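Values in this text are rule-based calculations from the coordinates and carry no lab data. Predicted model only: the values in this text are computed from it and were never measured.
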Amino acid sequence: MHLGGVFFFFFPLLYLDDDRVVCFRAAKLGAQLEWLEDGGVKMITGPMPAVKEDELRQRPVWFNSMVSASTAWKDSRNDPEKACSFGDGTPLPRNAVLGCLQILHEEKAAIPWRHGDVLLLDNTAVQHSRNTFVPPRRVLASLVK
């Protein structure tokens, strides 16, 4: 299964051996899976709101991967120009995507890492990303609800 940049969505589907169970659980999460000839899977979701209400802080937050999917995920399976679209299939306007990317760059806070560092973050309070790096790099992550 190719997870791409939507690991959080697939996390409940990992380690399942039965494709029928995977499809059933994906459907419960609001996704449709399309199995590809190379053994990968295409995930189809939507429509999904770009903003979510942070109940703890009582405020709206930008909570989506639209900018990443539309600017960074480019390989044999992912075309950034077609990654996100309106409900009718029309791609998002490139200038709107790039405008959102610019805002994210202006608002980011780069945290320098040193060996042994630990970082905890609330994904509903801040958006995380990654910059380019020189291997080797080892990051251990844990998702907590």
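Observations on the model:
- Applied to region 41-57, the Karplus parametrisation 6.51 cos²θ - 1.76 cosθ + 1.60 on θ = phi - 60° returns per-residue 3J(HN,Hα) values of 9, 9, 9, 10, 10, x, x, 10, x, 7, 10, 10, 7, 7, 5, 5, 9 Hz, with x for Gly and Pro.
- Close amide H pairs (under 5 Å, H built 1.01 Å from N) link residue 54 with 59, 61, residues at least 5 positions away or on another chain.
- Residues whose amide H falls under 5 Å from that of residue 41, counting only those 5 or more places apart or on a different chain, are 2, 36, with hydrogens built in the peptide plane.
- Along region 98-113 the Karplus relation, 6.51 cos²θ - 1.76 cosθ + 1.60 evaluated at θ = phi - 60°, assigns HN-Hα couplings of 5, x, 5, 4, 4, 4, 4, 5, 5, 9, 6, 10, 7, 10, x, 9 Hz to successive residues, with x for each Gly and Pro.
- Our coupling estimate for region 73-83, obtained by passing each phi through the Karplus curve with A = 6.51, B = -1.76, C = 1.60 and θ = phi - 60°, is 8, 10, 7, 5, 9, 10, 10, x, 5, 10, 5 Hz, Gly and Pro reported as x.
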